[in-house]
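A.B. asks: Structure provided below as structure tokens; questions to follow.
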Amino acid sequence: MRLVRQLVAVAVVTAIGGRTVAAVQEGSPWLTLVLGVTTSVLALLVYRWVVRRTEHRAVTEVGRKGAAAGLGLGTLLGLGLFGAVIANIAFLGYYEVTGRGSLSGAAGLLGLMAAAAVTEELLFRGVLFRVLEERMGTWTAMALSGVLFGAFHLANPDADLYGALAIAVEAGGMLTAAYVATRRLWVPIGVHFGWNFAASGLFSTEVSGNGSTHGLLESVTSGPAFVTGGAFGPEGSPYALLFCALTAVVFLLVARRRGRLVPRRGRTERVAAVATLSR
């Protein structure tokens, strides 16, 4: 029941905020920025409220301690990872910068991607994975929540099954591993935001099959879809799969060294283990 309550509470904010941001995105990028940041803050507040109300505990996964450092580190990592993907595609001659883009366009995308990163991480890592992990252990919960996250992106206009599977591995693996390693949502939120903003606000590529974007650079992507990701965007590239999988492995090794992996065992033992790790 608490899973349903938490999902519904965050999903309502996500739906209202997302529709509002989308409605003004094209006409007013600066308003999009403001609304995107507002949606992010409201989603965090609602998440803290509903988790505290349903679980009667301190909501340490979005606590203030370490928030700035986690967001900063995650954002830099996300920017770097996507930059590495683009660098490899450009090396093959399949990505080319054709001119300067728009500062206002990038600002609007910053707000849009901030809202997407925060709300999706709260839904899929903060609620879904965390609650499933208490019942199934880390590995099963990671696999199941990753598949659901990939399926969630099938609703995008230019999405396909391969792209959804790529997202399941990249985000479902890497972002969940970042949460497990830190037991905080700040690093995965930062990575998610940095990756998406690099794709849209910096390099102006497609993001998860949502069509082209116009950020700080005007660009053209050509070449075989297998390499570039095609209409789904560079997230469907084998470079993205490789770099994100390697990053996930690093996070999981850190989690193992810190003793933060929850094995599949009795539910009471798992709940106690998760509670201890979240302190």
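The values are calculated or read from the model by the stated rules, or taken from the named source; none is laboratory data. Everything numeric in this text was worked out from a predicted model, so none of it was measured. Neighbour counts run over all protein chains shown; Cβ positions are idealised from the backbone, glycine included.
A.B. asks: Select from region 214-264 the residues that are in a helix (DSSP H, G or I) and not hydrophobic (A, V, I, L, M, F, W, C) and list them in ascending order. I'd like the intermediate steps shown before the answer.
C.D. replies: Filtering region 214-264 down to residues in a helix (DSSP H, G or I) leaves 225-228, 230-232, 234-236, 238-257.
Answer for region 214-264, where residues must be in a helix (DSSP H, G or I) and not hydrophobic (A, V, I, L, M, F, W, C): THR228, GLY230, PRO234, GLU235, GLY236, PRO238, TYR239, THR247, ARG256, ARG257.
A.B. asks: Follow-up question, since we're still on this one. Which one of these does GLU120 not meet: (1) surrounded by 19 or more Cβ atoms within 10 Å (Cβ to Cβ); (2) out of contact with any Ser or Thr (no Cβ under 9 Å at 6 or more places or on another chain); (3) among the charged types (D, E, K, R)?
C.D. replies: (2)
A.B. asks: Any residue at all in region 189-200 that is touching an Asp or Glu at 6+ places or on another chain (Cβ under 7 Å), outside any helix (DSSP H, G or I), buried (at least 22 other Cβ atoms within 10 Å of the Cβ) and modelled with pLDDT of 90 or more? Before the answer, list the steps.
C.D. replies: Step one: of region 189-200, the residues touching an Asp or Glu at 6+ places or on another chain (Cβ under 7 Å) are 189, 192.
From what is left, the residues that are outside any helix (DSSP H, G or I) are none.
Checked against the condition, which is being touching an Asp or Glu at 6+ places or on another chain (Cβ under 7 Å), outside any helix (DSSP H, G or I), buried (at least 22 other Cβ atoms within 10 Å of the Cβ) and modelled with pLDDT of 90 or more, region 189-200 yields no hits at all.
A.B. asks: Would region 153-175 turn up any residue that is surrounded by 22 or more Cβ atoms within 10 Å (Cβ to Cβ), assigned to a helix (DSSP H, G or I) and in contact with a Lys or Arg (Cβ under 9 Å, 6 or more places away or on another chain)?
C.D. replies: Scanning region 153-175 turns up at least one residue that is surrounded by 22 or more Cβ atoms within 10 Å (Cβ to Cβ), assigned to a helix (DSSP H, G or I) and in contact with a Lys or Arg (Cβ under 9 Å, 6 or more places away or on another chain).
A.B. asks: THR98 fails exactly one of the following numbered conditions: (1) closer than 22 Å to THR176 by Cβ; (2) hydroxyl-bearing (Ser, Thr, Tyr); (3) not in a helix (DSSP H, G or I). What is the number of that condition?
C.D. replies: The one condition THR98 does not meet is (1).
Okay, residues lined up against (1) under 24 Å from TRP186 (Cβ atoms); (2) touching a Phe, Trp or Tyr at 6+ places or on another chain (Cβ under 9 Å); (3) without any contact (Cβ under 8 Å) to a residue 60 or more places away in the chain:
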site: LEU7; (1), (2), (3): yes, no, no
site: ARG53; (1), (2), (3): yes, no, yes
site: THR60; (1), (2), (3): yes, no, no
site: LEU77; (1), (2), (3): yes, yes, no
site: LEU110; (1), (2), (3): yes, yes, no
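A.B. asks: A further question follows. Residue by residue through region 55-79, note down the ones that are among the hydrophobic types (A, V, I, L, M, F, W, C), under 19 Å from the mean Cα position of the chain (by Cα) and closer than 14 Å to ARG130 by Cβ. Show your work before the answer.
C.D. replies: Here is the first cut: in region 55-79, the residues among the hydrophobic types (A, V, I, L, M, F, W, C) are 58-59, 62, 67-69, 71, 73, 76-77, 79.
Next, only the ones that are under 19 Å from the mean Cα position of the chain (by Cα) stay: 62, 67-69, 71, 73, 76-77, 79.
Result: VAL62, single match.
A.B. asks: Would you mind finding the one in PHE149, PHE129 that is touching a residue at least 24 places away in the same chain (Cβ under 8 Å), of a type in the set (A, V, I, L, M, F, W, C) and in contact with a Gly (Cβ under 8 Å, 6 or more places away or on another chain)?
C.D. replies: Numbers: PHE129 fails: in contact with a Gly (Cβ under 8 Å, 6 or more places away or on another chain).
On inspection, the qualifying residue turns out to be PHE149.
A.B. asks: Further question on the same structure: Need the failing condition index for GLU170 against (1) at pLDDT below 95; (2) over 30 Å from GLY63 (Cβ atoms); (3) not polar (S, T, N, Q), just the number.
C.D. replies: Tallying (1) at pLDDT below 95; (2) over 30 Å from GLY63 (Cβ atoms); (3) not polar (S, T, N, Q), GLU170 fails exactly one: (2).
A.B. asks: Let me ask you something else. Could you look through region 30-67, keep only residues that are among the hydroxyl-bearing types (Ser, Thr, Tyr) and in contact with a helix residue (DSSP H, G or I) (Cβ under 9 Å, 6 or more places away or on another chain), and pick out the one that is modelled with the lowest pLDDT?
C.D. replies: Kept after step one, since they are among the hydroxyl-bearing types (Ser, Thr, Tyr), are these residues of region 30-67: 32, 38-40, 47, 54, 60.
From what's left, in contact with a helix residue (DSSP H, G or I) (Cβ under 9 Å, 6 or more places away or on another chain): 32, 38-40, 47, 54.
Values: THR32: 88, THR38: 92, THR39: 92, SER40: 93, TYR47: 94, THR54: 91.
Looking at the filtered set, the residue picked out is THR32.
A.B. asks: What residue, of LEU92, LEU44, LEU31, LEU81, is under 29 Å from ALA143 (Cβ atoms) and out of contact with any Leu (no Cβ under 9 Å at 6 or more places or on another chain)?
C.D. replies: On the way: LEU92 fails: under 29 Å from ALA143 (Cβ atoms); LEU44 fails: out of contact with any Leu (no Cβ under 9 Å at 6 or more places or on another chain); LEU31 fails: under 29 Å from ALA143 (Cβ atoms).
After applying the criteria, what remains is LEU81.
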